[in-house]
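Take a look at the structure set out below.
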Amino acid sequence: MDRLRRTVTGRRTPPGGSENLWVRCLRCRELNYVRELEDNLKVCVKCGYHFRLSARERVAQLLDGGEFQEWFADLAPADPLRFKTATQSYPTKLAETQRATGLVEAALCGEGKIRGHRVVLAVLDFGFLGGSMGSVVGEKVTRAIEEATRQRLPLIVVSASGGARMYEGAISLMQMAKTSAALTRLGAAGVPYFAVLTDPTTGGVTASFASLGDVTLAEPGALIGFAGPRVIEQVTRQRLPPGFQTAEFLLEHGMIDMVVPRKDLPDTLAKLLSLFPPYGRHEASR
Ligand SMILES: [Zn+2]
């Protein structure tokens, strides 16, 4: 519950209300009863706004019974550049983030089932340093891809990221090539990859594995792009069209395949999995 309050920034309270019970929607500004919002998978009951989920919440929503066999959980980040800002070192920042999120890194990887279909699942957590891809996120995603290739299990990666992790400099950027190369080998082995893009998916993650799905799904209203709209407007000196870089805009322009409301994600993925035999049908019939 604490985590929910932090991530949905529901700090304002109705007159006479308790701050534990209500969350204000970031889009329509209406109040949602916390329990009702949770029951609705953290989608605003008034306007359908999709609040961001933590990686653990995402895993719990997507997989049958929330059952998840986590892999590579002990991979922890290092500080190869001895990076320091004026006020804080990277290890201090990491330790704070780990305490606040209960995660070791910004990616969770492992295995589970969706409507009976066995899958390899990797999920990024925007709450962990903006879901940024450093060496550990890149390594965990790559190992998940390699395990999917080895076991011939379909792969699903749910992205939510601000891009490469500046604290790790060029080592972060190398993860783009590493994950992309692993996906090429997955494709060559004939194993399907479904990319699920959630708010926000940007930078080096967009420029690598998030854009390489055999089928690409996105949640409604998700911001998806490489650079943000302000940067683009400053560089190009042009005004961007309304709704630019939303999931709906990208669908209209052929950049993604589907916009899928959160409540429909498991069924939609299950349907897609069953279209790629022998994986889906074979596994589901067990
Ligand atoms: Zn709303």
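The values are calculated or read from the model by the stated rules, or taken from the named source; none is laboratory data. If you're wondering where the values come from, they're calculated on a predicted model, not measured in any experiment. All Cβ positions, even for glycine, are placed from backbone atoms using ideal geometry, and neighbour counts span all protein chains on display.
Test of understanding: among 219, 168, which residue is among the acidic types (Asp, Glu), buried (at least 22 other Cβ atoms within 10 Å of the Cβ) and touching a His at 6+ places or on another chain (Cβ under 8 Å)?
Numbers: 168 fails: touching a His at 6+ places or on another chain (Cβ under 8 Å).
So the residue among 219, 168 that is among the acidic types (Asp, Glu), buried (at least 22 other Cβ atoms within 10 Å of the Cβ) and touching a His at 6+ places or on another chain (Cβ under 8 Å) is 219.
In the stretch 1-13, what count of residues is obtained for those that are more than 20 Å from the chain's Cα centre (by Cα) and either away from the ligand (no atom under 15 Å from the Cβ) or modelled with pLDDT of 95 or more (or both)?
Summing the residues that are more than 20 Å from the chain's Cα centre (by Cα) and either away from the ligand (no atom under 15 Å from the Cβ) or modelled with pLDDT of 95 or more (or both) in the stretch 1-13 gives 4.
Give me the pairs: first residue in the stretch 241-256 and on the phi > 0 side of the Ramachandran plot, second residue of a type in the set (Ser, Thr, Tyr) and surrounded by 19 or more Cβ atoms within 10 Å (Cβ to Cβ), beta-carbon distance under 9 Å, and six or more apart or on different chains, which are they?
Once the first residue is on the phi > 0 side of the Ramachandran plot and sits in the stretch 241-256, its partners that are of a type in the set (Ser, Thr, Tyr) and surrounded by 19 or more Cβ atoms within 10 Å (Cβ to Cβ) give 245/202.
Restricting to the stretch 46-70, name every residue that is loosely packed, with under 15 Cβ neighbours inside 10 Å and within 16 Å of the ligand (Cβ to nearest atom).
Of everything in the stretch 46-70, those that are loosely packed, with under 15 Cβ neighbours inside 10 Å and within 16 Å of the ligand (Cβ to nearest atom) turn out to be 46, 47.
For the stretch 237-250, state whether one or more residues are in contact with a strand residue (DSSP E or B) (Cβ under 8 Å, 6 or more places away or on another chain), at pLDDT 95 or above and under 25 Å from residue 153 (Cα atoms).
no
Take the stretch 28-45 and flag every residue that is part of a loop (DSSP other than H, G, I, E, B), near the ligand (Cβ under 10 Å from one of its atoms) and closer than 20 Å to residue 58 by Cβ.
Listed by number, the residues that qualify are 44, 45.
Pick from 139, 105, 111: which is touching a strand residue (DSSP E or B) at 6+ places or on another chain (Cβ under 6 Å) and either within 26 Å of residue 172 (Cα to Cα) or of a type in the set (A, V, I, L, M, F, W, C) (or both)?
So the residue among 139, 105, 111 that is touching a strand residue (DSSP E or B) at 6+ places or on another chain (Cβ under 6 Å) and either within 26 Å of residue 172 (Cα to Cα) or of a type in the set (A, V, I, L, M, F, W, C) (or both) is 111.
Among the listed residues 179, 142, 149, identify the single one that is buried (at least 17 other Cβ atoms within 10 Å of the Cβ), hydroxyl-bearing (Ser, Thr, Tyr) and in contact with a Phe, Trp or Tyr (Cβ under 6 Å, 6 or more places away or on another chain).
Details: 142 fails: in contact with a Phe, Trp or Tyr (Cβ under 6 Å, 6 or more places away or on another chain); 149 fails: in contact with a Phe, Trp or Tyr (Cβ under 6 Å, 6 or more places away or on another chain).
Sole residue among the options that is buried (at least 17 other Cβ atoms within 10 Å of the Cβ), hydroxyl-bearing (Ser, Thr, Tyr) and in contact with a Phe, Trp or Tyr (Cβ under 6 Å, 6 or more places away or on another chain): 179.
Out of all the residues in the stretch 78-95, which are assigned to a loop (DSSP other than H, G, I, E, B) and aromatic (Phe, Trp, Tyr)?
83
Condition test on residue 86, is it surrounded by fewer than 16 Cβ atoms within 10 Å (Cβ to Cβ), over 21 Å from residue 217 (Cβ atoms), among the aliphatic types (A, V, I, L, M) and assigned by TED's automatic domain parsing to the domain that holds residue 225?
Considered against the rule, which asks whether it is surrounded by fewer than 16 Cβ atoms within 10 Å (Cβ to Cβ), over 21 Å from residue 217 (Cβ atoms), among the aliphatic types (A, V, I, L, M) and assigned by TED's automatic domain parsing to the domain that holds residue 225, residue 86 comes out as yes.
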